[in-house]
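Participant: My structure is below; once you've seen it, I'll send some questions.
Read-outs: derived from the displayed coordinates by stated rules, not from any lab. Everything numeric in this text was worked out from a predicted model, so none of it was measured. Positions of Cβ are backbone-derived with ideal geometry, glycine not excepted, and every protein chain shown enters the neighbour counts.
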Amino acid sequence: MSLASRLIDRLAKLPPPLTREVHVERDQLVPMRDSVGLRTDVHTPRGKAVAATALPTVLVRTPYGRRGFAELTAATPLAQRGFRVVVQAVRGTDGSGGVLDPFGQEGADGVDTVRWIEQQPWFDGRLATFGASYYGFTQWALAREAGASLKALCMQVTASQFRDQTYAGEGYSLDATLSWTQLMSILVAKQGVLTLQLVGGRRRREAFTQLPLASLDRALTGKTVDFWQAWLAHDAKDDPYWTATRDHRSDVAHVAAPIQIVTGWFDIFLPWTLQDFQALVAAGRRPRLYVGPFAHADMGVMAAGLREGIEWLRAHVLEERDAAPSIRVTVMTHGTAGVERELAAWPPPGARERRLHLHPEGRLSEAPPPVSAPDRYRYDPADPTPGVGGVLLGPEAGAKDNRALEARADVRVYTSAPLERDLEVVGPVRAEVFFSSSTSWTDVFVRLCDVQPSGRSFNVCDGLLRLTPGRVPQDEGGVMRVPVELWPTAYRFPRGHRLRVQVSSGAHPRFVRNLGAGEPLATGTRMVIAEQQVHHDPARPSAIVLPVLAG
C-alpha cells in the first residue's frame, strides 16, 4: 500500500504526511440496536509525529468494501495525516450482518456507530465524517442525530436524498441504477470487481435493450434483486418508501457542524447537491463548496475531495488554521483546463438571464421567432435516441462530440451565429419548449452544446422532463409549454464558437426510453411511435435561458 499511497499523494497533491506507519485493527463487530453486527476496521497512525497527540476520529461508511478503494482513497491518506479512521461496511456488505436495503438503514445504523465510537477508550471527543457518493449519503443520514461530538463533514458528489436522481426529470435513470445494481450484486456475491470489468459492460449493454424493466435484474445478475424491484415499484414522488427513511432534506438545515462539499458539473447528483448547499446557507450555516469539471467517477473528484477534505478537517477538527467558507467553481472551456472563479453566492448574483429563441431552419437567436410552422420529428422507442456523453457513471461521461447524434432524424438542432465575443455562462440553465405530441406519454430532452469552428459539437449541459397527462397544461391546440431544468454549469464559450441547442425525446440509456403507452414503469412493454412538434413562433417562443456573467 505504500507505493500506491504515494501515488495518491502525488495525484491529489496532498500535504506531506505526518507518518507512513498505520496500524489497522480489522473486523471489529459493531452492534446495532437490532443486534445486527457491522464489520469495522480502525486505522490508527503510528510514529513519533503522532504518538504523543490525541487523535480525532474520521468515520467512513461504505457499501463497497473496507479494503481496496476505501482504504487507498480515504483511510490511509487521512490516517497518515493524523486522524484515526473508522471504516465500516454498511449492512449486508463485506461481512456485515443483515441485508442491504439501499439508503433505508443508514440513519439508524450511522447513529448507532457514532454511539459506539463515543464509548471507545481511544475516542478524544472529536468526530468527523468523510466520503463520496453513497459514503456521502451516509453522512447526511446520521448528521442531525450525531450530537456534539460531530465537528465536521466532508462530502463529495452526493446529496441528502437519492430519489430525485433515480427519477431525474421524473423519468428513470437507467444507466446509473442498473450499473449500481450490477456492481452491488457482484460485491455482495464476493465475485470481485474483475468480474465487472471482464463481462459487466457487455451484459449491461444487452440488458439496456430488454423489456420489461422488472426483468433486467435477473437478466444481469441471474436473480431477483429486491431493491431494483422496489425502485421500479415506488416511482411516485411522495411514496413513503422514499420519504420515510431515505430522504434527509429536512435534516440539512439542522446540521450545525461545518460542511465542505466537492462536486462536478457532470455529476449525477449535482442539482440536488446545490439544493443542499443552498439550504445550509438559508439556515445561516457557512458551508464550503467547490465545483470542478468532473463526472461522478472521475479520479479528479477523488483527488479534489481528498485535498479539500484534509484542509477542512485540519481547520475544523485539528484547529490548525482557518479554512474560510467559500464558493469556488471551475469555468470550463472545451480543450482547456478551465479557470477557477470565486463566487459571492450560488447562484451567482451578478448573472443576468439571456434568452435564446429557437427559430425555423435550425437557427438560434436572441431575436423573437417569426411566424413559422413547427419542426417535426418521429420518436420510435424501438430505436430510441441514444445518449452521448454527459451525466453518466462510467468513462463515457463528460463532454463528447455530438455530431453523429445531431445527424439523426429524431434530433432537432438549433445553432447560433458565431460569437463576436466570449460568453461566460455560470448558474442554473433552463429551457421553455413549446411542444406537442401524438401521445400523452413522452419525454422532452434539451441539450446545450459548444460548436467549435471545426464543426465539432461538444455537450455542455442538458436535462429531461417526462410528460404524462396533466403534468404540463395544454392550450386549445394541444401545445404545452414544457419547462426543462438543465444541469447547472459554468462554461465559457469562446469568440468564434457557436451555441447549439438540441431538442429530442430521449437519451437512452441514461434515461430509460419512454415507450409512449403509459404502462407502469416496471412492467411496460408496448411501444407507441410518437409524432413530435417543436413550436417556434411569436405566440409560442421556445427558448433556452442562460445565466450570463458580464465581462
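Participant: Angle, helix 174-188 long axis vs. longest principal axis of the chain, Cα atoms, 0 to 90°, nearest 10?
Facilitator: So the helix axis and the longest Cα principal axis differ by about 30 degrees.
Participant: Under 5 Å between amide H atoms, partner at least 5 residues away or on a different chain: which partners does Ala399 have, H built in plane at 1.01 Å?
Facilitator: Answer set, sorted by chain and number: Gly390.
Participant: If we count every other residue with Cβ under 10 angstrom of Ser416's Cβ, Lys/Arg +1 and Asp/Glu -1, where does the sum land?
Facilitator: Working: positive: Arg363, Arg498, Arg500; negative: Glu366.
Neighbour charge sum, excluding Ser416 itself: +2.
Participant: Relative to the longest principal axis of the chain, what angle (0 to 90°, nearest 10) does the C-alpha long axis of helix 299-313 take?
Facilitator: Tilt of helix 299-313: around 50 degrees.
Participant: For each of Arg352, Arg430, count neighbouring Cβ atoms within 10 Å of the residue's Cβ, then give the residues from fewest to most. Numbers along the way, then the final one.
Facilitator: On the way: Arg352 11, Arg430 17.
Lowest to highest Cβ neighbour count: Arg352, Arg430.
Participant: Additional query: Taking the Cβ of Pro368 as the center, what net charge do the other residues with Cβ under 10 Å away carry, scoring Lys and Arg +1 and Asp and Glu -1?
Facilitator: -1
Participant: Let me ask something else. Quick one: Leu515, Leu18, Leu313, fewest Cβ neighbours within 10 Å first, how do they rank?
Facilitator: Working: Leu515 23, Leu18 17, Leu313 28.
Lowest to highest Cβ neighbour count: Leu18, Leu515, Leu313.
Participant: Report the antiparallel proportion of the DSSP beta bridges in the chain as a percent, rounded to a multiple of 5.
Facilitator: Working: 79 of 110 bridges.
Taking every DSSP beta bridge within the chain, about 70 percent pair in antiparallel fashion.
Participant: Still on this structure, I have one more. Summing Lys, Arg as +1 and Asp, Glu as -1, what charge do residues with Cβ under 14 Å from the Cβ of Ala490 carry, Ala490 excluded? Walk me through the numbers on the way to the answer.
Facilitator: Working: positive: Arg328, Arg341, Arg492; negative: Asp267, Glu340, Glu342, Asp422, Glu424, Asp450.
Neighbourhood net charge equals -3.
Participant: A follow-up question, please. Each residue of the range 336-347 in order: what ³J(HN,Hα) in whole Hz does its phi give by Karplus 6.51 cos²θ - 1.76 cosθ + 1.60, θ = phi - 60°, with x for Gly and Pro?
Facilitator: So the J values, rounded to whole Hz, are 10, 6, x, 10, 8, 10, 9, 10, 7, 6, 10, x.
Participant: Next question. Compute the longest continuous run of the chain that contains no exposed GluC sites (Glu not before Pro); treat a site as exposed when its DSSP state is not H, G, I, E or B and it has at most 14 other Cβ atoms within 10 Å. Numbers along the way, then the final one.
Facilitator: On the way: sites that count: Glu319, Glu320, Glu366, Glu396, Glu420, Glu476.
Of all site-free stretches, the longest is 1-318.
Participant: So who's got an amide H within less than 5 Å of the one on Val429, skipping anything under 5 residues away but keeping other chains? H placed 1.01 Å off N, in plane.
Facilitator: Leu486, Thr489
Participant: Angle check, please: helix 134-143 long axis (alpha carbons) against the longest principal axis of the chain (alpha carbons), in degrees 0 to 90, nearest 10.
Facilitator: Helix 134-143 sits roughly 70 degrees off the main axis of the chain.
Participant: Okay, helix-only estimate at 222 nm for the chain: each DSSP H run of n ≥ 4 adds -39500 (n - 2.57), divide by all residues, round to 500 deg cm²/dmol; what do you get?
Facilitator: Numbers: 15 runs with 123 residues, N = 551.
So the calculated ellipticity at 222 nm is -6000 deg cm²/dmol.
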